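Colleague: Got a structure here, written out as structure tokens. Questions coming.
The values are calculated or read from the model by the stated rules, or taken from the named source; none is laboratory data. Here the structure is a predicted model, which is why all the values come from computation and not from measurement. Methodologically, a virtual Cβ is constructed for each residue, glycine included, from the backbone with ideal geometry; neighbour enumeration extends over all protein chains shown. Areas reflect the complete protein model, heavy atoms only, side chains present, ligands, DNA and RNA absent. Shrake-Rupley method; radii C 1.70, N 1.55, O 1.52, S 1.80 Å.
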Amino acid sequence: MKDSSDDIEDVSLFDADDDVSRRSKKSKIRHPVASFFHLFFRVSAIVVYLLCELLTSSFIACMVTIILLLSCDFWAVKNVTGRLMVGLRWWNQVDDDGRSHWVFEARKVSAQGSKTSSEAESRIFWLGLITCPMIWVIFAFSALFSFKVKWLAVVVMGVVLQGANLYGYIRCKVGSRKNLTSMATNYLGKQFLRQTVAKEDQTAS
């Protein structure tokens, strides 16, 4: 039986805007509001986590604020900023048979072969998407080794919510899980081949 999680749909998004997007400069930020909120919620959650003990002595208030910021970030990145800034979108749907399907969409390249997304927006999107989950992973290890058990649930929530968006958009970008495995295998093969050639050159010299 085919794994339903590998069902991928490549759907063109915002075809009506392709002509306008094609004329814009690659370095121009065409969606400043989306770019702002792409970073605002996730950076705010990190700042509140770092400064909450200085701002207030109420753990509940800090926890609720951080979780609200993380939830807003998850929704905004998943449903808005991804499709506007890089033309990617993912979600889960249940068919009539009750089977769950993960759908990953990517905006098709225009007929002239030009990219419709801004390079500046793409850098902002992927930088925020990759960096912030790594910071929450660091927070998780810090809370674990410093025995701050009450904060562990908060940082795990940050890792899960932001890690889910990161995984979803990587799937949108590179394709199915098989493609991810193939890319990892090819990369490791190339690294092994380079090391082997370097050792043979050292031996020959």
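Colleague: Just for region 83-99: of the residues that are part of a strand (DSSP E or B) and open to solvent by less than 50 Å² (accessible area, probe 1.4 Å), which one is modelled with the lowest pLDDT?
Modeller: Out of the qualifying residues, it is TRP90.
Colleague: Now a separate question. Which ones in region 132-158 are surrounded by 12 or more Cβ atoms within 10 Å (Cβ to Cβ) and among the polar types (S, T, N, Q)?
Modeller: Answer for region 132-158, where residues must be surrounded by 12 or more Cβ atoms within 10 Å (Cβ to Cβ) and among the polar types (S, T, N, Q): just SER142.
Colleague: Name the residue that is surrounded by the most Cβ atoms within 10 Å (Cβ to Cβ), counting only residues in region 100-109 that are of a type outside the set (A, V, I, L, M) and farther than 14 Å from ARG171 by Cβ.
Modeller: Going through the qualifying residues, I end up with ARG107.
Colleague: Take ILE60 and decide whether it is in contact (Cβ under 8 Å) with a residue 24 or more places away in the chain and surrounded by fewer than 19 Cβ atoms within 10 Å (Cβ to Cβ).
Modeller: The answer is no for ILE60.
Colleague: Suppose we filter VAL20, VAL47, VAL33, VAL43 for residues that are at pLDDT 50 or above, farther than 30 Å from TRP151 by Cα, part of a helix (DSSP H, G or I) and open to solvent by 50 Å² or more (accessible area, probe 1.4 Å); which single one remains?
Modeller: When all the criteria are applied, what remains is VAL33.
Colleague: Further, regarding this structure: Enumerate the pairs (first residue in region 81-110 and closer than 25 Å to PHE125 by Cα and free of Cβ contacts under 8 Å to residues at least 24 places away in the same chain; second residue anywhere and open to solvent by 20 Å² or more (accessible area, probe 1.4 Å) and in a loop (DSSP other than H, G, I, E, B)) with beta-carbon separation below 8 Å, excluding pairs fewer than 6 apart on the same chain, so at least 6 apart or on different chains.
Modeller: That search, which allows pairs on different chains as well, returns VAL109/LYS115.
Colleague: If you check LEU70 against the conditions, is it open to solvent by 20 Å² or more (accessible area, probe 1.4 Å), closer than 17 Å to CYS132 by Cα and at pLDDT 90 or above?
Modeller: No, not satisfied.
Colleague: Continuing with the same structure: Being open to solvent by 30 Å² or more (accessible area, probe 1.4 Å), within 23 Å of ARG30 (Cα to Cα), of a type outside the set (Lys, Arg) and modelled with pLDDT under 90, is that true of even one residue in region 175-197?
Modeller: Taking every residue of region 175-197 in turn, none turns out to be open to solvent by 30 Å² or more (accessible area, probe 1.4 Å), within 23 Å of ARG30 (Cα to Cα), of a type outside the set (Lys, Arg) and modelled with pLDDT under 90.
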